[in-house]
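Bear in mind these aren't lab numbers, they're just calculated from the coordinates by the rules spelled out. All of these numbers come straight from a predicted model, not from anything done at the bench. Glycine also receives a Cβ, built like all others from the backbone with ideal geometry; neighbour counts cover every protein chain displayed.
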Amino acid sequence: MIQLYNSLTRKKEEFVPIGDEVKMYVCGVTVYDDSHLGHALSSIVFDVLHRYLEYRGFKVRRVQNFTDVDDKIITRANKEGVPAEEITEKYIESFYESMDGLNVRRATVHPRATEDMPEIIGLIQRLIDGGWAYPTNGSVYFRVRRDDGYGKLSGQNIDEMLEATRHDMEVGKEDPADFALWKAVKPDEPQWGSPWGQGRPGWHIECSAMAFKHLGEQIDIHGGGLDLIFPHHENEIAQSESASGSVPFSRFWMHNGMLRNAVGQEMSKSLGNAFNVNSALEEFSSDAIRLWILQSHYRTNPLLDKELIAAAERSMRRIRQAVEVESPAFDEVGESVDFRPFEKRFTEAMDDDLNTPQAIAAIFDLVREVFRGRDSGIDVSGAVESIRDLSGVLGLSLEAPPDKSGLSDAEIEALIRQRHEARDEKRWSDADLVRDQLAAAGVSIADTAGETTWSRK
RNA sequence: GGCGACGUAGCCAAGUGGUUUAAGGCGGAGGUCUGCAAAACCUCUAUUCAGCGGUUCAAAUCCGCUCGUCGCCUCCA
């Protein structure tokens, strides 16, 4: 039984999909800049959820949107003096590059707000027809107070929220709490035609419309960062449930934590201390980044520190070493490492609200069993295969990290031959010199069973 | 002010009433192996879970208070 924590009910609940295919919507990024590690965290978490649900036999349809019409995009486009599409195209490419590099599988559909404009406008019209929204001065607003359930996700009360909020109300709004579904056109902004005049959609309505179009009016899981609970997800619920009458819009609401820096503060774009994914990937393997993230539970706020990613890189070496262990050709004992208890632990941990730290602990324990099995000469092939499978569920590729030695394989092997000659003649210091040279280039060597093996760090 | 999260070893981090006299990783110490190493294996590395008080046969886990940290309430994964 898979249990997932549901932000809506604030407890763990058994996960049972509505239909025979799990419908999952994950809030994507606004494409006005490169992705940072906070985006990586969210994408990795829901990628792992997707992979794990498939591992448990579910079919999954995952939708992750691009918000490609937004104030920040417009600001950036104006600043650089280029059309907004140039900005969005560039950063959509950058997003894919980052996520591919992190071994995050692409969603089933990656819709863009600008490509689903008819659905967005149609949904706004439905809300107006139902009396949930009203046009004014070319904009359309949602009547928050008409929705009795408003605030159920964030636990906020409308009046208490307003107390802490700025009260500079836009002209034409009936109530300061109302939010925009459609924004009347302003000069030099991207615009679309609508029954209410030229303009562009508000942020919240995009997600409802894209979820409806690509998944349907009721979905199984809606994911995103903790910071999206209010107002974004609260507003999505209000719009979606008002328009469709299907309650709940999403059975499960899942929220990943926010990356935290050494001072303990949340890392966000506005703080300007983001750590770019593409540059992180130049320094670390995707496996190290994923392991670092997944060694914390998804609902906590992982600490962002290069030292921790470097530690994860060392941890990955251990797993990689284990899957390279070969079983004896003739297994005289006939024994083999029993990996099933470890797979059971892995599954139980993952079933419990995606407890990846526990699941990873099970993998490491299995890694130890493989080394022990090797040392006692028993068959470890099944266990090695199991490590590969379980790692795969977490999206760990177990591939060697990118080469930084600057040496070709042939050059490395030539140096190793030199060292062999030196060793044969017992010129130990010469031999060590070669080893130091290789080590400096990030190549580690090992003399085992009369042979020298090497690997790039 | 409202809503919420958190404080576990040198560091990261699970565990949320007894099966854990607290997983796993990194780091550190000793041993085996090795020409020496590396890797691996073995052993050790929190009598204790921010502090204080309470409930209980039993608490890191529940309750209260105190101290400290952070998030949301405004664009944000």
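Below is a table of values for the structure above.
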{"quantity": "For A:Asp352, distant residues with modelled amide H under 5 Å away", "calculated": "A:Gln3"}
{"quantity": "Taking A:Ser242, A:Ser94 and counting other C-beta atoms within 10 Å, the order from fewest to most", "calculated": "A:Ser94, A:Ser242"}
{"quantity": "Alpha-carbon Rg with Dmax, taken over segment A:409-456, Å", "calculated": "9.8, 27"}
{"quantity": "Sparsely packed GluC sites (Glu not before Pro) within segment A:273-344, loop by DSSP, other Cβ within 10 Å at most 15", "calculated": "A:Glu324, A:Glu326, A:Glu332, A:Glu335"}
{"quantity": "Antiparallel bridge percentage (DSSP; both residues within chain A; nearest 5)", "calculated": "50"}
{"quantity": "For segment A:141-156, 3J(HN,Hα) per residue [Karplus equation, 6.51 cos²θ - 1.76 cosθ + 1.60, θ = phi - 60°, Hz, x = Gly/Pro]", "calculated": "10, 8, 7, 4, 6, 6, 9, 4, x, 4, x, 6, 7, 8, x, 9"}
{"quantity": "Exposure proxy ranking, count of Cβ atoms within 10 Å, fewest first, for A:His50, A:His297", "calculated": "A:His297, A:His50"}
{"quantity": "Alpha-carbon Debye profile of chain A, log10 I(q)/I(0) at 0.05, 0.10 Å⁻¹", "calculated": "-0.24, -0.81"}
{"quantity": "Against the rule of thumb 2.2 N^0.38 Å, how large the Cα Rg of segment A:293-405 comes out", "calculated": "1.15"}
{"quantity": "Residue (of A:Leu415, A:Ala439, A:Trp454) at the positive-pole extreme of segment A:409-456, dipole from beta-carbon charges", "calculated": "A:Ala439"}
{"quantity": "Charge dipole magnitude, Cβ of K and R +1, D and E -1 - chain A, Cα centre, debye nearest 20", "calculated": "580"}
{"quantity": "Furthest towards positive pole of dipole, A:Leu127, A:Gly197, A:Asn278, structure part chain A, Cβ charges", "calculated": "A:Leu127"}
{"quantity": "Karplus (6.51, -1.76, 1.60) ³J(HN,Hα), θ = phi - 60°, over segment A:104-109, in Hz, Gly and Pro reported as x", "calculated": "7, 5, 5, 5, 4, 9"}
{"quantity": "DSSP-loop trypsin sites (Lys or Arg not before Pro) across segment A:35-92, with at most 15 other Cβ within 10 angstrom", "calculated": "A:Arg56"}
{"quantity": "222 nm mean residue ellipticity, helices alone, for chain A (DSSP H n ≥ 4; -39,500 (n - 2.57); rounded to 500)", "calculated": "-13500 deg cm²/dmol"}
{"quantity": "With 5 Å bins from 0: P(r) over segment A:3-269, alpha-carbon pairs, percent", "calculated": "1, 6, 12, 16, 19, 18, 15, 9, 4, 1, 0"}
{"quantity": "Between segment A:7-82 and segment A:339-353, the alpha-carbon center distance in angstrom", "calculated": "25"}
{"quantity": "Karplus-derived HN-Hα couplings along segment A:295-311 (A = 6.51, B = -1.76, C = 1.60, θ = phi - 60°), whole Hz, x at Gly and Pro", "calculated": "6, 10, 5, 5, 8, 8, 10, x, 7, 8, 7, 4, 4, 6, 5, 5, 5"}
{"quantity": "Three-way shape call for segment A:55-105 based on the alpha-carbon gyration tensor, with the a/c threshold at 1.5", "calculated": "prolate"}
{"quantity": "Overall dimensions of segment A:352-457 by Cα: Rg and Dmax, Å", "calculated": "18.2, 60"}
{"quantity": "Rounded if a/c under 1.5, otherwise prolate or oblate - segment A:1-74, Cα gyration tensor axes", "calculated": "prolate"}
{"quantity": "Those GluC sites (Glu not before Pro) in segment A:375-419 that DSSP places in a loop and that have at most 15 other beta carbons within 10 Å", "calculated": "A:Glu399"}
{"quantity": "Amide H partners (placed H, <5 Å) of A:Thr136, local residues excluded", "calculated": "A:Tyr141"}
